[in-house]
Amino acid sequence: MNFKEGVKNSLREDCDILVIGEIRDKETMEAGIEMAESGHLVIGTLHTKSCAETLDRIINFYEVRDQASIKYLMSSLLKLVVSQRLVKGIDGKLVLLPEVMVVDNVVAGCIRKEKFSVSEIEDAIQGSSEKGSISLINSIAKMYVEDRITLDQAKAQIEEKNIEILNRTIMQLKSRRI
């Protein structure tokens with residue numbers, strides 16, 4: 001048996017929650033989506049660096065002609081995406097840098113767009129912190145302000161274009177601590 005067959009057979013087992021250890025191919029993804037469509041809670045993992053990259057990977061499992069329908073499905077089925085990075089902290093211990101994307105109407109709208117944009121998803125995460133989303137930049141800035149990672153480590157985790165946003169976020173967090 002393979003992941004796909006295991007996931008499909010779980011439909012017959014009447015499980016409440018299905019955990020897919022790793023989604024590596026379209027067939028496993030389709031089986032997970034089928035479970036979610038039938039009302040089951042499906043938790044799966046993909047090896048990606050961010051929430052937006054996770055969405056992009058899911059979409060790219062499919063042919064271009066099928067991507068519009070999978071975007072619609074993902075925008076209505078997904079509830080939450082969590083991405084985790086581990087970096088070595090100042091004290092030598094690993095530090096968790098989480099990114100959490102709550103799929104609200106704004107994120108769902110970004111997913112459904114004809115042209116998928118990673119930066120729009122990142123902006124939507126940054127703008128929906130009151131709903132529980134946590135941007136990667138906020139996590140990095142928080143760990144820097146708490147002296148858990150260095151500024152060089154913080155900057156190494158993001159693209160050059162986001163350095164100014166990181167600097168502003170650090171300044172905002174520092175001003176709240178005073």
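The values are calculated or read from the model by the stated rules, or taken from the named source; none is laboratory data. Quantities reported herein were computed from a predicted structural model and do not represent experimental measurements. With ideal geometry, Cβ positions are generated from the backbone for all residues, glycine too; neighbour counts draw on all protein chains shown. Remember, those area values only see protein heavy atoms, side chains included, never the ligands or the DNA or RNA. Shrake-Rupley method; radii C 1.70, N 1.55, O 1.52, S 1.80 Å.
A few notes on this one:
- Label point distance in nm, Q84-K174, each placed 7 Å from Cα along Cα→Cβ: 3.1
- Theoretical ellipticity at 222 nm over the chain - DSSP helices of four or more residues, -39500 (n - 2.57) apiece, nearest 500: -15000 deg cm²/dmol
- Taking each of K8/K113; K88/K115; K26/K131; K71/K142; K79/K155; K49/K161 in turn, the alpha-carbon distance tops 24 angstrom for K8/K113; K88/K115; K26/K131; K71/K142; K79/K155.
- Cα-based shape type of the chain, given that a ≥ b ≥ c are square roots of the gyration tensor eigenvalues and the cut on a/c is 1.5: prolate
- Residues R168, R57, sorted by accessible area with the largest first, give R168, R57 [1.4 Å probe; ligands and nucleic acids excluded].
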